[in-house]
Structure formats: structure tokens, C-alpha cells
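Chemist: I'd like to ask you about the structure that follows.
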Amino acid sequence: MSAWSATVLTLFPEMFPGPLGQSLSGKAMDNGTWSLETLDIRGFTSDKHASVDDTPFGGGPGMVMRADVVDAALREARDDSADDRALIYLTPRGRPITQTRVRALAEGPGVVLLCGRYEGIDQRVIDEWEPEELSIGDFVLSGGEPAALTLIDACVRLLPGVMGSDASPEEESFEGGLLEYPHYTRPREWHDREVPDVLLSGHHEKIEAWRRAEAEMVTKERRPDLWAAYHAARKRTGPR
Ligand code: 9D3
């Protein structure tokens, strides 16, 4: 059995492992639960100027990554025909990443992630390789690398043994779920702020009801989309 692995194609390999080298994901990398490889796209240029990008046909701002250079990097990343890992292009044009997709990716052999810079990658190499196109949300990054780090983090924390068995079956908090209730720990009083009495009562049913009410309130307020999905799911399956 080989470990879950990520190969990242990027013009900025120094950005990796970055935060993934710390904490639980860093330990899990050290103990062989998963591995990370970067391929520097700049290493696949053919001309002496090592140009990765060029001006867009049709005009417009910015630069476009060349199809031939990205293709050479993809051929290197994908040279093993037994490699069943998902091929993913991180792009603001992609479908939003969901916890459902993350779970499936974590259960598979790993991911090959293509990171764009500039305005993006020549469409012909995308049409040729047909990667799954994914986004991390409706805001603008300077490149795909922070999105790749985000996706790998979300997958790695689900790998067996990475998190304590404690905080794992909480995964349905999205998609028909609620946002989390607020958390408190010692000291009982801090800056004139007290821990809600109910949490000190030892009354488990009351605590559960309070947490549920808090979770519903915050979800209704901040995430009307999740609130609607939660209600639709409750109609289908009944309360609880
Ligand atoms: C003004 C047109 N821009 C599209 C929104 C051009 C553009 C901006 C930023 C093209 C590429 C990028 C770089 N972004 C990513 O590579 C990216 C991204 C993102 O910006 N937001 C959310 N998810 C992702 S995944 C990759």
C-alpha cells in the first residue's frame, strides 16, 4: 500500500510545503502518511529565454501561460500509466470545492495539482488534458498555489491517523449541516465575561439544546444558503 500523495505543478515551488510542513499535516508527512512533490514549470521551457508566458491572442491585459510548457510539465507528472490520482487545475473558473469532493479525494490515491499564474493557462492544454477545474471561492488570488495548499490541507486532515479519533465525525457540518456552536474553556470568568451557565450545569440535554439553538442562530444569520439546505434536509429526513 503506497501513501496518499500530492504532486504540485507550479512556477513557485518554494511556496511548498509552506504551512503543510507544520502541525498535524507536517507530522503526518514526516511519518509517511502522505507525501508532497513539486514540479517547477519553469524547468520545462525549451527556448534559451525560458519563457513560460506570452501575450494573449485577441489582446487584453496580462500574460498567458504557454500550452507547450505546461504540457511538458504535465507529461512529466503523469508519466506513470498506473497513476490513478485525480488531475486538478486550480482556477477561479472552476467549480467550488466541497467537503464531499475533498472526502472522495482523500479516499483515493492522491492528487496532481496544476497551479496557474498570470491570467491563466492557454485553453488548448486544458482541453487536451481535461483536468477537473476547481476554485476555492469567489475572491481573487494572485495564483493557484494558496488554493492548492488549501485543498491538500483539507484532504490530509482526513487521512487515517492524522487527526485524533475525537474530532473526526464532524464532517457533515457542511452540506445540509449547521455552522458550529461557540466553544468555551477555563477560566470561568475572563475580562468580566462569564461562560454561559448552562455549560456548567452538567445537564447534558440542556447543553445539547443550547448548542443546537446557537448553531441555528449563527447559521441563519451568516449563511442563508446553508440554512435553506438544512431546512430542505429536515423536511426530507425529519427533525434531528
Ligand atoms: C480579472 C480576471 N481575473 C479572473 C477573476 C483574472 C485572474 C485573477 C486571478 C486569473 C487568475 C487569478 C489567479 N487565481 C487563481 O489561480 C485561483 C483562484 C482564485 O483566484 N480564486 C479562487 N480560487 C482560485 S483557484 C486558483
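Chemist: Going by alpha carbons, how many degrees (0 to 90, nearest 10) lie between the helix axis of 224-237 and the longest principal axis of the chain?
Modeler: It is inclined by approximately 70 degrees.
Chemist: Projecting each Cα onto the charge dipole of the chain (Lys/Arg +1, Asp/Glu -1 at the beta carbon, about the Cα centre), which of 1, 109, 99 comes out farthest on the positive side?
Modeler: Among 1, 109, 99, the one farthest towards the positive end of the dipole of the chain is 99.
Chemist: For the chain, what does the helix formula give at 222 nm: sum of -39500 (n - 2.57) over DSSP H segments with n ≥ 4, over the residue count, nearest 500 deg cm²/dmol?
Modeler: -10000 deg cm²/dmol
Chemist: Over all distinct Cα pairs, what is the inverse of the mean 1/r for the range 65-104, reported as the Kirkwood hydrodynamic radius in Å?
Modeler: 12.4
Chemist: Which value, in Å², gives the accessible area per residue of the chain when a 1.4 Å probe is used on the protein heavy atoms?
Modeler: Here the residues of the chain average 63 Å² of exposed surface.
Chemist: Carbon and sulfur: what percent of the range 173-237's accessible surface (1.4 Å probe)?
Modeler: 51
Chemist: Expressed as a whole percentage, what fraction of the accessible surface of the range 8-125 belongs to carbon and sulfur atoms when a 1.4 Å probe is rolled over the protein heavy atoms?
Modeler: 50
Chemist: Against the longest principal axis of the chain, how steep is helix 67-77, in degrees 0 to 90 to the nearest 10, with axes from Cα atoms?
Modeler: 70
Chemist: In addition: Cβ neighbours within 10 Å, averaged per peptide: list 42-49, 57-64 in order, most packed at the top.
Modeler: Ranking the peptides 42-49, 57-64 by packing returns 42-49, 57-64.
Chemist: How big is the range 4-156 in terms of Cα radius of gyration and Dmax, in angstroms?
Modeler: My reading of the Cα-based Rg and Dmax gives 15.3, 50 Å.
Chemist: What ratio of Cα Rg to 2.2 N^0.38 Å holds for the range 173-237? Mind dumping the intermediate values first?
Modeler: Values: Rg = 14.2 Å, N = 65, 2.2 N^0.38 = 10.7 Å.
So the range 173-237 has a normalised radius of gyration of 1.32.
Chemist: Can you list the residues, at least 5 places off or on another chain, whose amide H is less than 5 Å from the amide H of residue 9, using H built in the peptide plane?
Modeler: Under 5 Å from the amide H of residue 9 lie the amide H atoms of 39, 113, 114, 115, each far enough along the sequence or on another chain.
Chemist: Using only Cα atoms, find the angle between the long axis of helix 145-156 and the longest principal axis of the chain, and express it within 0 to 90 degrees, rounded to the nearest 10.
Modeler: 50
The values are calculated or read from the model by the stated rules, or taken from the named source; none is laboratory data. Quick caveat, the model's predicted, so the values are computed rather than measured. Positions of Cβ are backbone-derived with ideal geometry, glycine not excepted, and every protein chain shown enters the neighbour counts. Side chains included, ligands, DNA and RNA excluded: accessible areas come from the protein's heavy atoms. Shrake-Rupley method; radii C 1.70, N 1.55, O 1.52, S 1.80 Å.
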